[in-house]
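**Q** Provided herewith is a single structure, encoded as structure tokens, for subsequent inquiry.
The values are calculated or read from the model by the stated rules, or taken from the named source; none is laboratory data. Keep in mind that this is a model prediction, so the values were computed, not measured. Don't worry about glycine lacking a Cβ; one is built from the backbone with ideal geometry, like all the others, and counts go over all protein chains shown. Only protein heavy atoms, including side chains, enter the accessible area calculation; ligands, DNA and RNA are left aside. Shrake-Rupley method; radii C 1.70, N 1.55, O 1.52, S 1.80 Å.
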Amino acid sequence: MSTERENRMRKVIFVLLLVFVFILSALQTAATHAQDAPRPDGVSITIYNQGTALIRDRRTIELQVGTNVINFTDVAATIDPTSVSFNSLTDPTGTVVLEQNFVFDLVNSSALLNRYLDETIEVTLDDGTVITGQLLSGRNGEIILRDAEQQVIVIGMDSVRNIEFPDLPNGLITRPTLRWIIESANGGAQQVEITYLAGGMNWTADYTLLLNTDNTALDLNGWITLTNTSGAAYTDAQVKLVAGDVNRVAVEEARFADGDVAEMAGAAPAEQVQQREFFEYQLYEIERAVTIGDNETKQVEFVSGANIPATTFYVYDSSYPYYNYGYAITDQYYGQTGVTNVGSWLEFTTAEDGGLGADLPAGRVRVYQEDIDGAALLIGENSIDHTPEGEQVQFYLGNAFDLVGERVQTSFQLISRNVLQESYEIRLRNRKDDQAVEIRVPEYLFRWTNWQILNANQPYTQLDANTIEFRVMVEPGGETVISYTVQYSIPG
């Protein structure tokens, strides 16, 4: 009796051993381990002012020996799938990526309707009517059902209050997901790093300038403005910004725009934003962790200067620019613009001896000036290009209310087939009460490249091959007249 009992016991133990060996073998050689929520270890974002960003995301995952399926959620919806890179920092040689996928078939009404074709759904109309039937189509703004009586019913989407589906179809997800199939030689926790390029992230520089009341100096504050519409939020991220025109290869019908890689070591934490050169560009690193929410705009100050010497000047620009059409312009009335406005301009330097000593990335500039009651009023707004330290910054503020220009062609003579002469008279009037002003008057010699000034009643400077400039003072309540004659030599 005991022998029979012992035999049965041996069989049970043998079966249990077989099961154990089978499970162990499956885990070690052909296990598929899916993990949907790796632990975040930190994220670094490098943003370009061309609407793109490089995301570097580190997370800790649990891997088993063999084949693993790893899902990374909370990635940007604007990701460029071709730019994704996966690396194991813990076991780079023993962790091999077999396949990577970007899954973006997100749940929405159109996706559900497409997945439930030929299935039964329930539609509730605005008036409370409930219609149940087989879904034949859910495209072009309408739902087509076949009910139990085999009648076909067409329902406009604008009259639908609610649609009920039995469950969530396979394949649809609630968030964009990066999915890898990974072969791991070792089990346990591993820190991995993924990098990818994404659109929908941008940064710009915004500058606030306070011009003193006598227009001789200004205070400058520059702000980094971050905008995130990538479809993902980033918590406690290390943020770097690249200023400059990075060349990118334009891919036809690319799904998303993207950026380029820029990684540098950290530096002095005393500044809120630290600037340094990176290749041919300028790199700005925010010296603290930043949380950037989805659909959020955030500002951080990055440059400031006080009592920077500045100059305002006026420009009457009313002539027509030169365009090389390959032939001379002999039409008498060509290039008469009728412009009477005199523009107001502001100029300062980014040099250190000018009080600033900083590079200025491209961005928008707003200029204010205090009124007699101390209130700062906007006097002009414009944009500037990337400006390195030591360069002049010039931009147009608006038209001067009290200054008027008038430009009239006083003579036009085609002296011969190859010689043309014309004269202009430019009148500049100053209606200010007590302020004399200097007005710059560029004149573009637009008819042909071979020209000669025969006479001029005011001194001028030649700026380039087809431009001269007069600079004249106009007294308050007064008028200054510029007149000159130019002769063009036209090829036969």
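**Q** May I ask you to rank 440, 366, 161, 471 by accessible area, largest first, using a 1.4 Å probe over the protein chains only?
**A** 161, 471, 366, 440
**Q** Shifting gears a bit: Along each of its three principal axes, how wide is the spread of alpha-carbon positions in the range 444-492, in whole angstrom units, largest first?
**A** Extents along the principal axes, in whole Å: 48, 18, 14.
**Q** May I ask for the net charge around residue 479, where only other residues with Cβ less than 12 Å from the Cβ of residue 479 are counted and Lys, Arg are +1 while Asp, Glu are -1?
**A** Overall, the nearby charge balance is 0.
**Q** Hey, another quick one. Gap in Å between the Cα centre of the range 126-143 and the Cα centre of the range 320-394?
**A** For the range 320-394 versus the range 126-143, the Cα centre distance is 59 Å.
**Q** Placing +1 on the Cβ of each Lys and Arg and -1 on the Cβ of each Asp and Glu in the range 284-342, which of 302, 333, 321 has its Cα farthest towards the positive end of the resulting dipole?
**A** 333
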